[in-house]
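The values are calculated or read from the model by the stated rules, or taken from the named source; none is laboratory data. This structure is a prediction, so every number in the text was calculated from the model and none was measured. Here the Cβ positions follow ideal geometry from the backbone for every residue, glycine too, while neighbour counts run over all protein chains shown. Note: areas computed on protein heavy atoms with side chains; ligands, DNA, RNA excluded. Shrake-Rupley method; radii C 1.70, N 1.55, O 1.52, S 1.80 Å.
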Amino acid sequence: MKYLVMVQGSQADYEAQKGKASETSPAWTEQDVQAMFAHMGAINDDLAETGELVDAQGLVEPARTRHVSLGSDGKPVITDGPYGETKELLAGYWVLDCASLERVTEIAARVLQCPQPEGAPVYPIVIRPIGEDTGDV
């Protein structure tokens, strides 16, 4: 079964990783960022070795996001980021092919162990089965 494993973040988090603190997140050092990349890289390497990794991507900051919606006249309305009304957005994801929900939950728990500075926000990891199977997961 395939699963989408999602991590969330905010524009403030991306700014913090560039060394700019906010009221919601302390500034990250270069060592903090490297520790995060090493942790995520190790997870990706392990998942590639077990054959469970289908795809994994980190996404660019919300300020570089574009929303396309329909206006009342039925025409597209394009809005560029950042979006003050949105607190968290998708920051990255994995598509995994795992034998069970329990296995993908173990992987999500490992993602949560990612090192980060004291006081940085911790977001839940979201797991969504990908629609191959309509039965119970």
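So the values come out like this:
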quantity: Conditions (1) open to solvent by less than 70 Å² (accessible area, probe 1.4 Å); (2) modelled with pLDDT of 90 or more; (3) in a loop (DSSP other than H, G, I, E, B); (4) more than 22 Å from Q17 (Cβ to Cβ): number failed by Y123; calculated: (4)
quantity: Any chance P117 is farther than 20 Å from G41 by Cβ, open to solvent by less than 80 Å² (accessible area, probe 1.4 Å) and either assigned to a strand (DSSP E or B) or of a type outside the set (D, E, K, R) (or both); calculated: no
quantity: Any hit, segment 39-52, residues being in a loop (DSSP other than H, G, I, E, B) and open to solvent by 30 Å² or more (accessible area, probe 1.4 Å); calculated: yes
quantity: Test: residue in segment 27-34 that is under 18 Å from V7 (Cβ atoms), touching a strand residue (DSSP E or B) at 6+ places or on another chain (Cβ under 9 Å) and open to solvent by less than 40 Å² (accessible area, probe 1.4 Å); calculated: no
quantity: Answer residue from segment 4-16, given it is within 14 Å of the chain's Cα centre (by Cα) and at pLDDT 95 or above and is surrounded by the fewest Cβ atoms within 10 Å (Cβ to Cβ) among those; calculated: L4
quantity: Whichever residue in segment 64-81 is more than 24 Å from L4 (Cβ to Cβ) and at pLDDT below 90 and, among such residues, is nearest to the chain's Cα centre (by Cα); calculated: D80
quantity: Segment 61-73 residues that are open to solvent by 100 Å² or more (accessible area, probe 1.4 Å), paired with ones that are acidic (D, E) and part of a strand (DSSP E or B) (beta carbon under 6 Å, 6 or more apart); calculated: R66/D80
quantity: Answer from V33, V95, V54, V60 - the residue that is more than 21 Å from L112 (Cβ to Cβ) and among the β-branched types (V, I, T); calculated: V60
quantity: Residues of segment 15-36 classified as assigned to a helix (DSSP H, G or I) and in contact (Cβ under 8 Å) with a residue 60 or more places away in the chain, total; calculated: 4
quantity: Extreme residue, farthest from Q17 (Cα to Cα), among residues of segment 91-114 that are in contact (Cβ under 8 Å) with a residue 40 or more places away in the chain, of a type outside the set (K, R) and open to solvent by 80 Å² or more (accessible area, probe 1.4 Å); calculated: A99
